[in-house]
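A.B. asks: Okay, handing you the structure first.
All of the numbers you see were taken from the coordinates with simple rules; none came from a lab. Just so you know, these numbers come straight off a predicted model, no measurement behind them. Using ideal geometry, Cβ is built from the backbone for each residue, glycine included, and neighbour counts are taken over all protein chains shown.
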Amino acid sequence: MHKQSLTITPQALAEAAANAMLAHDRVTHAMGIQLSEVRPGYARVTMTVRPDMLNGHETCHGGLIFALADSAFAFACNSHNQNAVGAGCSIDYLAPGRLHDVLTAEAVEQALAGKSGIYDVKVSNQDGRTIALFRGKSHRIGGEVVAMLG
């Protein structure tokens, strides 16, 4: 009897890691964030701005825009199935999010070296207007998001 090798594509691994994370992510669910796409080094999520997300200026609270971008960042930096956390993040707000806007955060891996990664996230509305630009730095902490057999 010989051991059969199990080959998993990078895409399948990215999807498995994202699904495992999403299953336990209470904040993403509470905010109504939907995972639209994930692939190695990339993730796209969307969120519709609800009335309870508005600040005193009747625009989407910046912390929620940050959280949307941070969710995309998390899915992207864990898409290689290596546990990674944020080591630092910054955001620049360029336009307001408005009630009923559908905001999309698209995270793209810019660099990955050793235990560190850099990801840029663009948040835009349904008209393609850029709402915010976010940069996240990740740090791999060891272990896999999804334990793989083989």
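A.B. asks: Could you work out the per residue convex hull volume over the alpha carbons of the range 107-150, in cubic angstrom?
C.D. replies: Cα convex hull per residue, to the nearest whole number: 115 Å³.
A.B. asks: Sorted by mean Cβ packing within 10 Å, highest first, what order do the peptides 14-23, 65-74 take?
C.D. replies: Per-residue Cβ counts within 10 Å, averaged per peptide and sorted highest first, yield 65-74, 14-23.
A.B. asks: Once you sort the root eigenvalues of the Cα gyration tensor of the range 27-82 as a ≥ b ≥ c, which label holds: rounded (a/c under 1.5), prolate (a/b larger than b/c) or oblate (the other case)?
C.D. replies: The shape class here is prolate.
A.B. asks: Of the peptides 120-129, 103-112, 50-59, 26-35, how do they stack up when ordered by the mean number of other Cβ atoms within 10 Å, highest first?
C.D. replies: Highest to lowest by the protection proxy: 103-112, 120-129, 26-35, 50-59.
A.B. asks: Report, in degrees rounded to the nearest 10, the 0 to 90 angle that the Cα long axis of helix 10-24 makes with the longest principal axis of the chain.
C.D. replies: 60
A.B. asks: Identify, among Ile33, Thr48, Gly88, the residue whose Cα sits farthest towards the positive end of the charge dipole of the chain, taking +1 on the Cβ of Lys and Arg and -1 on the Cβ of Asp and Glu, with the dipole about the Cα centre.
C.D. replies: Going by the Cα projections, it comes out as Gly88.
A.B. asks: Now, a different point. For the range 1-65, what is the Kirkwood hydrodynamic radius in Å, using each pair of distinct C-alpha atoms?
C.D. replies: 14.4
A.B. asks: On to the next question. Please work out how much length the chain gains when fully extended from His29 to His57, using 0.36 nm per residue of separation minus the C-alpha to C-alpha distance, in nm with one decimal.
C.D. replies: 7.6 nm
A.B. asks: What whole-number value in cubic angstrom gives the convex hull volume per residue for the C-alpha atoms of the range 45-118?
C.D. replies: 96
A.B. asks: While we're on this one: Give, rounded to the nearest 20 debye, the magnitude of the charge dipole that the chain has about its Cα centre when Lys and Arg contribute +1 at Cβ and Asp and Glu contribute -1 at Cβ.
C.D. replies: 340
A.B. asks: Principal axis lengths of the chain from Cα atoms, whole Å, largest first?
C.D. replies: For the chain, the Cα extents along the three principal axes come out at 68, 26, 24 Å.
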